[in-house]
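Got a structure for you, questions after.
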Amino acid sequence: MTALQPAPARTEATALPIGISVPRKEDERLLRGDGRFTDDVQPAHLLEMAVARCPYPHARIVSIDTSAAEQVDGVRQILVGADVLARTEPLTVLRPVPGAPKLPYYALAQEVAAHEGQPVVSVVATSRHIAEDAIELIEISYEPLPHVTDTLAALEPDAPVIHPGELASNLLVANPEGAGDPVVRLAEADVVVTDRFHVNRVTGLPMEPRAVVAQWRPGARELTVHSSTQVPHLMRKQLAEVLRIDESSIRVSASDVGGGFGLKLGIYPEDVLAALHAMTLRRPVKWVEDRMEHFRATTHAREAVHDFTIGATADGRITAMTNTYATDLGAWNSGFGSAQLSSVVFTGPYRVTDGYVERRVTVTNKTPIGAYRGYGQPEVNFPIERLVDRLARRLGMDPLELRERNMLRSDELPWKAVSGAVYDSGDYVRCLHMAAEAVDYAGLRRAGRGPRPDGRLVGVGLSSFVERTGYASARFLARRGSQFGAHESVTLRANRSGGVDLYTGVSSIGQSSETAFAQVVCGVLGIGYPAVRVHAGDTLGSPLNTGAFASRTMIAAAGALRDASLAFREKTLRIAAFRLSDGGSAGPVDPADLDVVDGEVVHRTDPRRRLRLSEVFSIAILGQGLPPEEEPGLEVTAHFEPPDAAYSFGTAAAVVAVDPDTGDYDIERFVMVHDAGTAVNPKIVEGQVRGGLVQGFGAALGEELRYDPDSGQLVNGSMMDYFAPTAADVPPIELLHTEVPSPVTTFGVRGVGEVGTIPPGAAVANAICDALADLGVELTRLPLTPESVWQAIRNARTARG
Amino acid sequence: MTGFGATEPEVDLTTTVNGEEVDARVPARLHAADFLRHRLGLTGTHVGCEQGVCGMCTVLVDGQAVKSCLMLAAQLHGRDVRTVESLATGDDLNPLQRAFTEEHGLQCGFCTPGFLMTATALAERGVPVAREEIREEIAGVLCRCTGYEGIVRAIEGHLNGGAA
Ligand code: FES
Ligand code: FES
């Protein structure tokens with residue numbers, strides 16, 4: 001029993017359980033093997049689908065003979081491109097590149113398939129084994145067409161044009177942006193550094209591959225889709241568009257999602273196919289991607305070539321930055337297409353008033369590119385930060401000092417960058433200093449580069465960054481044609497057990513939103529943490545929302561959660577006050593004198609007057625005993641759009657030891673200093689940053705999807721030869737945080753989900769180049785394999801004779 | 001799982017799964033992970049690659065951590081199988097599971113059963129394991145979310161004195 005003491009006054013500042021690492025809501029079911037991932041959904045009478053895919057990078061489909069496959073016992077249906085053309089629209093794009101024409105991307109290839117792995121035929125049978133056996137018997141005759149897989153080669157005038165019906169070349173669109181007069185500034189500059197930087201093609205590789213289960217009840221016109229998706233409501237919209245049915249006929253449910261990282265944003269061909277089969281067969285149809293398919297059919301990421309230039313005065317003031325980059329789209333425009341944020345943050349945390357950036361979206365005969373944690377920000381950090389170091393060497397300045405000199409100071413924020421981005425607030429220089437101190441930058445400089453007794457040379461490298469988290473308003477998105485808003489929406493509903501049901505369209509992909517959402521509700525409402533039940537990722541009960549991406553969930557949802565909780569709390573207290581006043585000898589009760597403490601409403605000064613929440617909620621739900629003019633029910637939906645994006649920021653520092661003979665290197669220390677604004681749950685923040693960093697290390701140090709230029713085939717498309725980091729591969733990571741609340745978000749939160757992917761490449765490359773400074777080695781390509789370092793050493797030695 | 005074609009060769013097996021004896025007739029080519037998931041409804045064992053690389057499907061067979069995607073269901077005949085569903089008692093998580101939640105050793109949770117079963121086998125060996133060795137020992141299971149730190153901390157605390 002709670003002691004009868006006056007309840008403490010609750011104010012937003014003192015009472016929020018924000019900043020506390022409560023145990024996660026998601027953990028128990030996942031620890032007990034009781035998660036419900038899409039392949040765990042197993043309706044009665046289930047059929048399974050398998051997909052025949054184009055083995056060539058570019059081929060005309062001459063003929064398809066399915067007669068032998070149709071004879072296989074257990075095969076129920078086979079669809080080809082013509083069936084899809086008759087019944088569906090091309091897949092729609094959620095985040096189009098401004099000005100880009102639409103490409104006719106159908107769920108099954110029409111006359112021409114444009115990448116290895118593009119779906120050509122789909123088969124449904126009583127088991128996956130049988131469906132796959134049937135695929136072996138389908139005769140597809142292809143006429144291979146000229147292909148191009150290299151990004152820059154695709155832009156050459158002699159390259160085969162991949163979509164001749166829509167485009168005159170393989171340039172989908174070019175988007176220039178800028179401000180000031182960079183051409184003049186560069187001409188006047190005392191020093192100009194420029195180079196071409198290659199960013200590797202990688203994949204996010206969630207541990208759960210994609211999966212879909214579609215069920216159709218024709219009489220009810222009801223399509224139920226279980227899917228491993230980050231965006232149930234957006235998927236519903238896209239399925240309605242592509243299948244030509246009303247949204248009201250579609251329910252999308254994503255219960256547990258085994259990692260998304262941007263790859264599960266929006267529909268894929270297989271989602272449309274499973275739905276089509278289910279609708280015509282009137283039986284549930286499941287498709288679970290196997291890992292070999294995943295490498296060819298789920299979006300890849302990052303691949304880009306940046307031509308970056310920085311101009312500066314002799315005393316180290318940066319006067320201009322320009323960046324023209326080709327970003328690889330692959331063969332089709334996926335839901336989010338190729339990364340768009342390289343342009344937004346291309347001037348980094350620096351005071352640059354004159355700049356120009358141009359994104360050139362390039363079609364190639366490869367698997368489509370999509371969003372991946374960072375969405376252009378790791379890609380552009382690499383050239384910026386590599387060139388800042390090179391500029392420092394040219395000027396004879398220390399890279400730390402050059403950064404310090406050009407970095408925006410806290411009193412210069414908010415700052416409108418050349419791209420139009422408004423950096424809201426922060427102390428960039430403090431993070432830089434903290435990182436330098438943490439690795440003892442000054443001590444390392446004094447100690448020199450070695451060599452150590454084992455011949456290794458020691459180097460230290462920095463990478464500073466700003467990161468856009470969330471979106472700069474719906475108006476910004478509207479200008480770019482994006483098919484979603486900047487807001488989040490939640491519904492709170494009372495239940496008779498005294499608990500609150502929270503409904504959200506944000507699916508649980510590992511980002512801990514169930515936990516963080518419940519924390520905010522508890523904080524504002526006063527109810528106990530266990531009494532909040534989060535129902536996530538089902539379009540059936542949740543308000544229409546945006547979804548889990550762009551590090552935007554908490555930024556937007558925090559406001560909706562606060563608003564809903566406040567309204568919910570007020571009504572709870574009004575009902576309780578009326579009930580507590582009812583015939584009481586102590587006179588009427590003012591709702592303002594009441595508070596919610598855990599499972600009860602308690603009078604602040606007369607704690608004997610109290611009422612269980614289960615009772616208050618029952619009054620509301622039954623509609624019996626309400627104050628006059630109070631509506632029955634206790635349910636609040638709130639929508640919230642943050643006024644602007646919040647920019648997180650920080651600096652990473654790496655210390656490496658390099659063997660100058662072999663190119664082999666060890667990362668001895670890696671310090672990440674980062675500001676995520678107010679941390680709702682510090683453990684979750686740390687987990688997000690560490691997880692992002694390890695993905696960042698994977699992409700920076702070793703991961704790369706390689707295509708053979710002659711055959712156009714993916715060379716390493718399996719887990720046997722695409723190496724994501726294991727526990728034994730992770731360098732030692734030290735994390736430091738600052739906490740500058742953002743003025744543009746509720747509670748001052750900034751996004752944290754993606755930041756870790758940004759600095760590893762540049763920080764490690766800068767450290768290696770620092771160690772090898774006497775050789776004049778400049779690394780311009782990711783990933784930083786020992787072999788590529790050795791190659792760069794050799795090139796530098798040859799250049800010097 | 002729905003029936004296979006009439007010609008599908010089948011085999012009979014008897015095995016013990018989480019302490020209970022199971023008799024089953026299965027298609028000869030059904031692998032052990034699919035058998036556990038779809039025949040027995042033990043969906044805590046996950047499948048991430050079917051090539052023996054990712055470790056999502058790790059279960060204990062006669063006390064050894066094995067990748068069940070690389071075994072046929074038929075090979076479970078006469079063996080003792082334990083899956084993640086065996087770890088908790090009633091509503092109580094076991095100390096290893098509690099260590100995972102305390103150290104934030106899971107995010108999406110898809111890899112978690114694989115790590116829990118690998119760590120269970122490690123704990124049952126009964127020899128102390130240093131942090132760097134833990135990293136090597138669990139390198140057969142991938143995690144794309146956590147960066148491994150929470151997982152390593154949880155296992156280390158559990159193995160070395162059951163700090164949890
Ligand atoms: S599914 Fe068995 S190791 Fe990947
Ligand atoms: S928690 Fe998502 S893969 Fe490990």
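What is the distance in Å between the Cα centroid of the range A:511-541 and that of the range A:698-717?
42 Å
At 222 nm, what helix-only mean residue ellipticity would the protein assembly as shown give, in deg cm²/dmol to the nearest 500, using -39500 (n - 2.57) for each DSSP H run of four or more?
-8000 deg cm²/dmol
Between rounded, prolate and oblate, where does chain A land on the alpha carbon gyration tensor, with a ≥ b ≥ c its root eigenvalues, rounded for a/c under 1.5, else prolate if a/b exceeds b/c?
Here chain A falls in the oblate category.
Another question about this same structure. With charges only on Cβ, +1 for K and R and -1 for D and E, what is the dipole size of the range B:10-86 about its Cα centre, in debye, rounded to 20?
Computed charge dipole of the range B:10-86: roughly 240 debye.
About the Cα centre of chain A, how large is the charge dipole given +1 on each Lys and Arg Cβ and -1 on each Asp and Glu Cβ? Please answer in debye to the nearest 20.
Result for chain A is approximately 1220 debye, rounded to the nearest 20.
Please grab the % of Cα pairs in chain B that end up more than 27 Å from each other.
25 percent
Okay, moving on. In vacuum, with every alpha carbon of the range A:455-582 counted as one equal point scatterer, what does the Debye formula give for log10 I(q)/I(0) at q = 0.09 Å⁻¹? Two decimals, please.
-0.36
Calculate the FRET efficiency for A:Glu28 and B:Arg131 from the Cβ-Cβ distance with a Förster distance of 30 Å, rounded to the nearest 0.05.
0.65
Mark the label point 7 Å from the Cα of A:Asp666 along Cα→Cβ and return the residues of the range A:422-437 whose backbone N is within less than 11 Å of it.
Once the point is set 7 Å along Cα→Cβ of A:Asp666, nothing inside the range A:422-437 turns out to lie under 11 Å by backbone N.
Also, I was wondering about something else. Jot down the radius of gyration and Dmax of the range A:352-428, Cα atoms only, both in angstrom.
Spelled out, the Cα radius of gyration and Dmax of the range A:352-428 are 15.9, 48 Å.
On to the next question. Rounded to a whole number, what % of the accessible area of the range B:10-86 do carbon and sulfur atoms account for, probe 1.4 Å?
43 percent
For the pair A:Glu111/A:Glu222, report the inter-label distance in nm, with labels modelled 7 Å from Cα in the Cβ direction.
Going by the 7 Å Cα→Cβ label model, 4.4 nm.
Within 10 Å of each Cβ in A:124-131, how many Cβ atoms from other chains are there, averaged over the peptide?
Taking all residues of A:124-131 together, the mean is 4.
Mean Kyte-Doolittle of at least 0.5 plus a Cα span of 24 Å or more along the axis: flag which DSSP H helices in chain B meet both, please.
none
Sticking with this one: Hey, rough spin-label estimate for A:Glu787 and A:Val715, points 7 angstrom out along Cα→Cβ, what's it come to in nanometres?
According to this spin-label approximation, the distance is 0.7 nm.
I'd like the distance separating the alpha-carbon centroids of the range A:343-380 and the range B:17-78, in whole Å.
44 Å
Roughly how many nanometres apart are two label points built 7 Å out from the Cα toward the Cβ at A:Arg445 and A:Leu152?
3.5 nm
Per residue, how much accessible area does the range B:95-159 have with a 1.4 Å probe, in Å²?
Spelled out: the 1.4 Å probe surface of the range B:95-159, per residue, equals 30 Å².
Once you have the Cα-Cα distance between A:Leu171 and A:Glu615, take 0.36 nm times their residue separation minus that, and quote the gain in nm to one decimal.
That works out to 153.4 nm of additional length.
Which of rounded, prolate, oblate describes the range B:10-86, given a ≥ b ≥ c as roots of the alpha-carbon gyration tensor eigenvalues and a/c under 1.5 marking rounded, otherwise prolate only if a/b is larger than b/c?
Oblate.
Continuing with this model, one more query. I need the trypsin sites (Lys or Arg not before Pro) found in the range A:165-257, filtered to DSSP loop residues with at most 13 other beta carbons within 10 Å of theirs.
A:Arg221, A:Arg244
Rounded to the nearest 100 Å², what is the buried accessible area between B and A, both sides summed, probe 1.4 Å?
Result for this pair: about 4500 Å² buried.
Let me ask you something else. Sorted from largest down, give the three principal axis spans of the alpha carbons of the range A:96-145, whole angstrom values.
In descending order, the Cα extents are 45, 26, 14 Å.
At a 1.4 Å probe, which residues in the range B:95-143 are at least 50 Å² less accessible with all protein chains present than in their chain isolated?
For the range B:95-143, once contacts with the other chains are taken into account, B:Thr101, B:His104, B:Leu106, B:Gln107, B:Cys108, B:Phe110, B:Arg135, B:Leu142 lose 50 Å² or more.
Roughly how many Å² is the accessible area per residue of chain A, as a whole number, for a 1.4 Å probe?
34 Å²
Can I ask one more? With viscosity set to 1.306 mPa s at 10 °C, what whole-number translational diffusion coefficient in µm²/s follows for the range B:95-159 from Stokes-Einstein and a Kirkwood radius over Cα pairs?
139 µm²/s
Would you be so kind as to list the residues of the range B:45-67 that have their accessible area lowered by at least 40 Å² in the full protein complex compared with their chain by itself (1.4 Å probe)?
B:Gly48, B:Gln51, B:Val53
Compute the distance from the alpha-carbon center of the range B:110-164 to that of the range A:107-161, in whole Å.
42 Å
Label 7 Å along Cα→Cβ of B:Thr16; the range B:62-77 residues with amide nitrogen under 14 Å?
Residues passing the 14 Å test: B:62-64, B:77.
Can you give the accessible area of A:His226 in Å² (nearest 10), computed on protein heavy atoms with a 1.4 Å probe?
Here the residue's solvent-accessible area equals roughly 20 Å².
With a 1.4 Å probe and all protein chains left in place, how much accessible area per residue does the range B:10-86 have, in Å²?
Accessible surface, normalised per residue, equals 39 Å².
Accessible area drop of at least 50 Å² (1.4 Å probe, protein heavy atoms): which residues of the range A:192-214 qualify, relative to the chain alone?
So the qualifying set is A:Met207.
For the range A:355-479, report the convex hull volume of the alpha-carbon atoms normalised per residue, in Å³, without decimals.
194 Å³
The values are calculated or read from the model by the stated rules, or taken from the named source; none is laboratory data. Owing to the predicted nature of the structure, the values given are computational and were not obtained by experimental measurement. Note that we place each Cβ from the backbone using ideal geometry, even for glycine, and neighbour counts take in every protein chain shown. Heads up: the accessible areas ignore ligands, DNA and RNA and are worked out on the full protein's heavy atoms, side chains in. Shrake-Rupley method; radii C 1.70, N 1.55, O 1.52, S 1.80 Å.
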